[in-house]
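All remarks here apply to the structure that follows.
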Amino acid sequence: MDQNKSFSRRNFLKTGAAGAAVLIGSALLNPGSLLGNIASAESHNAHNNKGKGAHGMQHGYEPGAEETEGFLMARQALTNFDYGKVSTSADGRTIRDYEMTALEKEIEIMKGLKYPGWTYNGTVPGPTIRCTEGDIVRITFINATSHPHSIHFHGIHPTNMDGLEPIPPGGTFIYEFEAKPAGMMVYHCHVQPFRKHIEKGMYGNFIIDPKTPRAPAQEFSMVMNGFDIDFDGENEVYAVNSYAFAFMQEPIKVKAGKLVRIYLSNFLEFDLINSFHLHAAFFNYYATGADPDARPYYTDTISQMQGERGIVEIVFPAPGKYMFHAHVSEFTELGWMGFFEAE
């Protein structure tokens, strides 16, 4: 492996939060400067981190407790489900109206570290769209950026609503279709170059609930993703809902003995696969989640390729802190891990 790649990717967070913020600021002006700065910072931080206990972050980055803009975005994405503006058609069908605007916006992916994102409604991931099978979904899409964009929804719908046509800067388009089938879907921009639009953050979860509701549960939306900070085609930061170590900083509170349901998707660019591993418990996994009566996969680890998704259902057996993370050690060390705290 090229030694510079090793510094830029595997050892990026050894600079610490403050150092990383300074480095990325200069790297945006001079991307080549980032690698050398990280290499020199590695030696300094390795000395400072000697003797850290089990509760310290061995790579030198401490999540801290500050509720930064990026942390709040990640936390809000967990439980913000957008059901749209509801009305009823002449024939009695439910219509759900949504408005989604493409915006160019810097997002914070760790304390003090901003990334130049392309977003839906100003967040990465975009809003979690939610409806019920058979609803009429109507999305007014406004492109307020300087690049062509679209929205491609996974699911079954007419081909003229498939999001393949680029909407030019300043343009508007209305996507309208019947929501089907029930299950865990996703959406994303489908304008070339595809890689750039995913890399920059244009994606989100799209949940179609079955007509017969699933069992009551505490529910969360999680999108696994990453960020290429030095623009070399490899990610240096990994996360759930875009903020590194967000749920190490603040564990996700759940109830022991009660059902927890996670709508999980992977939108990681540059890496072929991502994964979700839970400590000290097992969960039921419904791939795509289209059939709530299907026999689930009972495990503590699942993998997903880009655009793959599923529903995780967990009953935590006892109070305590249950770690979750990618079962790729490199991703874990670079931001993709957290805790559930069962009470």
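Table for the structure above
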item	result
Cα-based shape type of the range 277-343, given that a ≥ b ≥ c are square roots of the gyration tensor eigenvalues and the cut on a/c is 1.5	oblate
Pairs from LYS180/LYS200; LYS196/LYS253; LYS111/LYS253; LYS85/LYS111 whose Cα-Cα separation, in the structure shown, is over 30 Å	LYS196/LYS253; LYS85/LYS111
Three-way shape label, the range 108-183, alpha-carbon gyration tensor, a/c 1.5	oblate
Cross-link partners of LYS105 among aspartates and glutamates (Cα-Cα below 15 Å; sequence separation of 8 or more within a chain)	GLU69, GLU199
Cα-based shape type of the range 112-252, given that a ≥ b ≥ c are square roots of the gyration tensor eigenvalues and the cut on a/c is 1.5	oblate
10 Å-binned pair-distance histogram of the range 186-299 (Cα, whole percent)	11, 38, 33, 15, 2
Accessible surface ranking that places the most exposed of TYR98, TYR286 first, with a 1.4 angstrom probe	TYR286, TYR98
Alpha-carbon centroid distance for the pair the range 124-140 / the range 257-284, whole angstrom	22 Å
Mean Cβ count within 10 Å, highest first, over the residues of peptides 240-251, 123-134	240-251, 123-134
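The values are calculated or read from the model by the stated rules, or taken from the named source; none is laboratory data. Everything quoted here is computed from the prediction, not taken from an experiment. Cβ coordinates were reconstructed from backbone atoms using ideal geometry, including for glycine residues, and neighbour counts include every protein chain displayed. SASA here: full protein model, heavy atoms, side chains in, ligands and nucleic acids out. Shrake-Rupley method; radii C 1.70, N 1.55, O 1.52, S 1.80 Å.
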